[in-house]
Amino acid sequence: MSSKIERLAFMPVFCNRFSAHRHAVIIISLILLILPNTAYGKAKKTINNNKKIIMLDPGHGGHDKGAQGANGTYEKTVSLQLAHIIAKELEDKYRVFLTRTDDYWLDIPDRIDVANHLEADIFISIHSGGSFLHKASGICIYYYNEISGPATIFETTTLKTIKNNNIQTKWHNIQNRHKTTSHVLAESVKSRINEHIEFAKCKVQGAPARMLSGADMPAILIENGYISNPSEEKELTDVKVLSDFAKGISKGIEDFFKTHN
């Protein structure tokens, strides 16, 4: 473990080569890393004075680079960097976990498994938008909704990947029970992002995002701008901008927990 952030590493090479044992490896790793003296299912109630558990999910990783900017910036890199900055903002008040801590790939079930087995209080997946239209721009927070809005919401590389992923999880569509609360979380984070970020306005949109469908807690997916837009790519490579994003997201999370304890 590093600093106060409880990061998770799941031997990605082993998992990729032996996918049949993937979930067992993850669960065993969690037990060894986090819960050596505690009954696994009781983790949230018995460790660290009942601090809320926040699961941050940096999108993509490894061979999956995500969207790419004109200057060669990868979505996977920005997502991971932002996740680490958010974690630092939150670590004093919450238990913060990352689904990945370095440049390796995890598929959707692995990411969801971690959050559900840890009984996380919220799940936040971090991405950047990508489009063949370089003028496409904007920040969007998605919450799970089986009934999608306008077709344009799936124009980004991120959501096309997530929508078309046919992997089913044992928690498939369980997010439906959290849809209203997830929407509240999305609105809370949106309000704070708009206070801290100037290059684009953040909006909230419901979408049938596979990334969120199996999460058994309030869950949102944040697209922090279009990395395929040269202007926004420049913003997303600025550490100051990422720090402002982290502050906004963190404040939004704090606001959410004030009303949803």
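The values are calculated or read from the model by the stated rules, or taken from the named source; none is laboratory data. Everything numeric in this text was worked out from a predicted model, so none of it was measured. Neighbour counts run over all protein chains shown; Cβ positions are idealised from the backbone, glycine included.
Here is how the numbers come out for the structure above:
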| quantity | calculated |
| --- | --- |
| Breaking point among (1) of a type outside the set (Asp, Glu); (2) part of a loop (DSSP other than H, G, I, E, B); (3) modelled with pLDDT of 70 or more; (4) surrounded by fewer than 16 Cβ atoms within 10 Å (Cβ to Cβ), for ILE167 | (3) |
| Segment 207-261: number of residues that are farther than 18 Å from LEU80 by Cβ, part of a helix (DSSP H, G or I) and aliphatic (A, V, I, L, M) | 2 |
| Any hit, segment 202-209, residues being more than 16 Å from the chain's Cα centre (by Cα), among the charged types (D, E, K, R) and over 18 Å from LEU56 (Cα atoms) | yes |
| Which numbered condition ASN116 fails, given (1) in contact with a Phe, Trp or Tyr (Cβ under 7 Å, 6 or more places away or on another chain); (2) under 25 Å from ILE174 (Cβ atoms); (3) surrounded by 24 or more Cβ atoms within 10 Å (Cβ to Cβ); (4) not acidic (Asp, Glu) | (3) |
| Test: residue in segment 195-211 that is small (Gly, Ala, Ser) and either in contact with a Leu (Cβ under 9 Å, 6 or more places away or on another chain) or modelled with pLDDT under 95 (or both) | yes |
| Residues located in segment 92-134, provided they are among the aromatic types (Phe, Trp, Tyr), under 22 Å from HIS260 (Cα atoms) and more than 15 Å from the chain's Cα centre (by Cα) | TYR94 |
| Failed criterion for ASP238 (all others in (1) touching a residue at least 12 places away in the same chain (Cβ under 8 Å); (2) surrounded by fewer than 24 Cβ atoms within 10 Å (Cβ to Cβ) hold) | (1) |
| Long-range neighbours under 9 Å by Cβ, at least six apart or interchain, first residue acidic (Asp, Glu) within segment 67-94, second in a helix (DSSP H, G or I) and at pLDDT below 95 | GLU75/THR157; GLU75/THR158 |
| Any hit, segment 139-149, residues being at pLDDT below 60, of a type in the set (Val, Ile, Thr), assigned to a loop (DSSP other than H, G, I, E, B) and surrounded by fewer than 18 Cβ atoms within 10 Å (Cβ to Cβ) | no |
